Amino acid sequence: MKNLILSALFFTSCLLVNAQKKPNVLFIAIDDLNDWIEPLGGNKQAITPNMDKFTKKGAMVFNNAVCAAPICGPSRSAILSGFLPSTSGVYGNAHDMVYSDVVKKNATLPEYFSKNGYYTLSNGKIFHKHGTKNGLTDFGAWAYDEFARGRRYNNDKARSKFLTSSKAGIINGQKSPDFKDKRSKLSWGATQDTFEETVDYAVADWATKQLQRDFGQPFFMSVGFIKPHLPWFVPKEFFDMYDVNEIEDIIIKEDDLEDITNAQGKQIFKPSDEYNWIKKHNLGKQATRAYLANITFVDKCLGMVMDALEKSGHADNTIVMIWGDHGWHLGEKLRYLKNTLWAEAVKPPLMVRLPGMKKTIYCEKPVSLLDMYPTLVSLCDLPKKKNIEGHDFSALLKNPKAKWEYPGVTVSTSGTSVLTEDFHYIQYTSGAIELYDVKKDPREWDNLAKDESYEKIISELNKWVPKERTKAKKEHYKKAKNYVDADQDPTIKQHRKLSELE
Ligand SMILES: [Ca+2]
């Protein structure tokens, strides 16, 4: 009998050891971060020592990663649901993924990990907004076993002092009378806050504490930073790291938009209001410096989390994925902000560390953030998730030159972008197209779409453009907004039972 008990104990402990062998996942989102980081070199002046340290210690950096959508809500909805906007109908920030027909039936990424033996927890912005709870924005609390609601979103005290009447065009506390578009949040300045008083510090601090826990099972931890999202207000120390007079000008081709025309030959894009405003007041260097200061700030937050991981007992058994939800224009294509199908907006950073990686490895293959879901499922040896649309890139993590037959596809309300290692093709729903030879023309200045010698290439790339576009459900978003508390929304709480999700 004693032997039987001992055998049973031995068997149980073996099971536990096996269960513990599954790697943990640390899933880190950085809002509106483009390639201005040391590992990607998009702006050589960027000071990001922690991202540099992270990759040099061992990580794969994807030079040609794309987002599934070039704006926060739909990009994150695609990453977490596993469906392109054209399938889910989530194209804009006003479309809540929980009302999408396919999302209703399928487990999101954290829910799938929860269903398969992981403890899931989150803080900060990972999902886009899904209602509020006690006045705090609810970034997908319903999808996690544990969700930490930190400080109020956008509560920096100096910022609230600056932004009393309007968020538009405020520079260092002074509102520009020439900036008419009140919808824009393009504004910046150094705050009097200490680093420890910021929202992102609170999220990083939370993560450092969680990493000291023993969960008794593998964990899936999401950490979402809101910088460098607008408005660009961070503590003064980060602005002080960049001398505005030393900031290099962004290289811009003033007639860049003239070769993007419709069937009648009419130019379809104009310089944006923000671009004209910055140009008129000669604020280009200031804007660049502000974005850089915000990146250096978030890099410090990231460093806190990575240092805590190193010191924890989890470092040797944790997969780290760091991603931006889309890119950002700072003058290129004569505009600021995001939500375009050009390279600046569709190419976010993606860096992945697997335990055992010892150096920076670059991969040129055009993977999508949509691919993170099936890749993590594969790396953690969970049952293959059915239905979702991304592709498992775990083979690339072992060999960056492994076979990869997919282009990076990005879908927006206005069209589709298809990126390969050689070409960038854009097809607008209006019918206008663009084609760039990214090896010869990395700034994507010369649109080759009307050159007949590229007809065959265009027809090949065209095959990747989704032919059907599921319609967005705007009416459902209005309904969601009427619920003050996310817990009271029956679509979210009562209808999302893990056992009923595929
Ligand atoms: Ca051009």
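Can you tell me which residue in segment 400-415 is farthest from the ligand (Cβ to nearest atom), limited to those that are closer than 14 Å to Pro366 by Cβ and surrounded by 14 or more Cβ atoms within 10 Å (Cβ to Cβ)? So, considering only residues that are closer than 14 Å to Pro366 by Cβ and surrounded by 14 or more Cβ atoms within 10 Å (Cβ to Cβ), the one farthest from the ligand (Cβ to nearest atom) is Pro400. Tell me, yes or no, whether segment 77-86 has at least one residue that is closer than 17 Å to Phe139 by Cβ, touching an Asp or Glu at 6+ places or on another chain (Cβ under 8 Å) and touching a residue at least 60 places away in the same chain (Cβ under 8 Å). Yes - at least one qualifying residue is present in segment 77-86. Among the residues making up segment 333-355, a single one is more than 17 Å from the chain's Cα centre (by Cα), in a loop (DSSP other than H, G, I, E, B) and among the charged types (D, E, K, R): Arg335. So for segment 390-399 (the condition being over 20 Å from the mean Cα position of the chain (by Cα), surrounded by fewer than 20 Cβ atoms within 10 Å (Cβ to Cβ), touching a residue at least 12 places away in the same chain (Cβ under 8 Å) and farther than 22 Å from Asp325 by Cα), does at least one residue qualify? No, there is no match, as no residue in segment 390-399 is over 20 Å from the mean Cα position of the chain (by Cα), surrounded by fewer than 20 Cβ atoms within 10 Å (Cβ to Cβ), touching a residue at least 12 places away in the same chain (Cβ under 8 Å) and farther than 22 Å from Asp325 by Cα. Looking at Pro374, Pro383, just one residue is assigned to a loop (DSSP other than H, G, I, E, B) and either β-branched (Val, Ile, Thr) or at pLDDT 95 or above (or both), and that residue is Pro383. The set of residues in segment 266-275 that are away from the ligand (no atom under 13 Å from the Cβ) and surrounded by 14 or more Cβ atoms within 10 Å (Cβ to Cβ) comprises Ser272, Asp273, Glu274, Tyr275.
Could you grab me the full set of residues in segment 446-468 that are within 20 Å of Gly408 (Cα to Cα) and touching a strand residue (DSSP E or B) at 6+ places or on another chain (Cβ under 8 Å)? Asn447, Leu448, Ala449, Tyr454, Ile457, Ile458, Leu461, Asn462, Trp464, Val465, Pro466, listed by residue number. Screening Leu302, Leu330, Leu334, Leu379 for residues that are in contact with a helix residue (DSSP H, G or I) (Cβ under 9 Å, 6 or more places away or on another chain), among the aliphatic types (A, V, I, L, M) and within 16 Å of the ligand (Cβ to nearest atom) leaves exactly one candidate, Leu334. Being assigned to a helix (DSSP H, G or I) and within 16 Å of the ligand (Cβ to nearest atom), is that true of even one residue in segment 276-298? No, segment 276-298 contains no residue that is assigned to a helix (DSSP H, G or I) and within 16 Å of the ligand (Cβ to nearest atom).
Considering only segment 427-443, I want to know if a residue exists there that is within 16 Å of the ligand (Cβ to nearest atom), basic (Lys, Arg) and either surrounded by fewer than 19 Cβ atoms within 10 Å (Cβ to Cβ) or free of Cβ contacts under 8 Å to residues at least 60 places away in the same chain (or both). Yes, the conditions are met somewhere in segment 427-443. Enumerate the pairs (first residue in segment 444-473 and within 16 Å of the ligand (Cβ to nearest atom); second residue anywhere and assigned to a loop (DSSP other than H, G, I, E, B) and not aromatic (Phe, Trp, Tyr)) with beta-carbon separation below 6 Å, excluding pairs fewer than 6 apart on the same chain, so at least 6 apart or on different chains. Cβ pairs passing all conditions: Trp445/Lys253; Asn447/Ile260; Tyr454/Leu448.
Mind checking whether some residue in segment 312-332 is in a helix (DSSP H, G or I), surrounded by fewer than 21 Cβ atoms within 10 Å (Cβ to Cβ) and at positive phi? The answer is no, given that none of the residues of segment 312-332 is in a helix (DSSP H, G or I), surrounded by fewer than 21 Cβ atoms within 10 Å (Cβ to Cβ) and at positive phi. Remark: Gly303 falls outside the filter, which requires a residue to be modelled with pLDDT under 95 and closer than 29 Å to Lys21 by Cα.
Taken together, the criteria exclude Thr429 from residues that are within 21 Å of Ser77 (Cα to Cα) and at pLDDT below 95. Reported count of residues in segment 213-265, each being within 15 Å of the ligand (Cβ to nearest atom) and either surrounded by 14 or more Cβ atoms within 10 Å (Cβ to Cβ) or without any contact (Cβ under 8 Å) to a residue 12 or more places away in the chain (or both), is 10. Only residues that are outside any helix (DSSP H, G or I) and under 27 Å from Gly73 (Cβ atoms) were counted in segment 356-371, giving 4.
Here's the yes/no breakdown for (1) at pLDDT 95 or above; (2) within 15 Å of the chain's Cα centre (by Cα); (3) under 22 Å from His424 (Cβ atoms):
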site	(1), (2), (3)
Lys53	yes, no, no
Phe62	yes, yes, yes
Ala69	yes, yes, yes
Ala78	yes, yes, yes
Gly92	no, yes, no
Asp96	no, no, no
Ser100	no, no, no
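Just one of the numbered conditions (1) surrounded by fewer than 24 Cβ atoms within 10 Å (Cβ to Cβ); (2) at pLDDT 95 or above; (3) of a type outside the set (A, V, I, L, M); (4) over 28 Å from Val305 (Cβ atoms) is not true of Pro49: (4). Restricted to helices (runs of 4 or more DSSP H) entirely inside segment 62-133, those with at least 3 residues that are over 16 Å from Thr410 (Cα atoms) are 101-105, 109-115.
The values are calculated or read from the model by the stated rules, or taken from the named source; none is laboratory data. The shown structure was predicted, so the numbers you read here are calculated from the model rather than taken from an experiment. Virtual Cβ from ideal backbone geometry, glycine too; neighbours counted across all protein chains shown.
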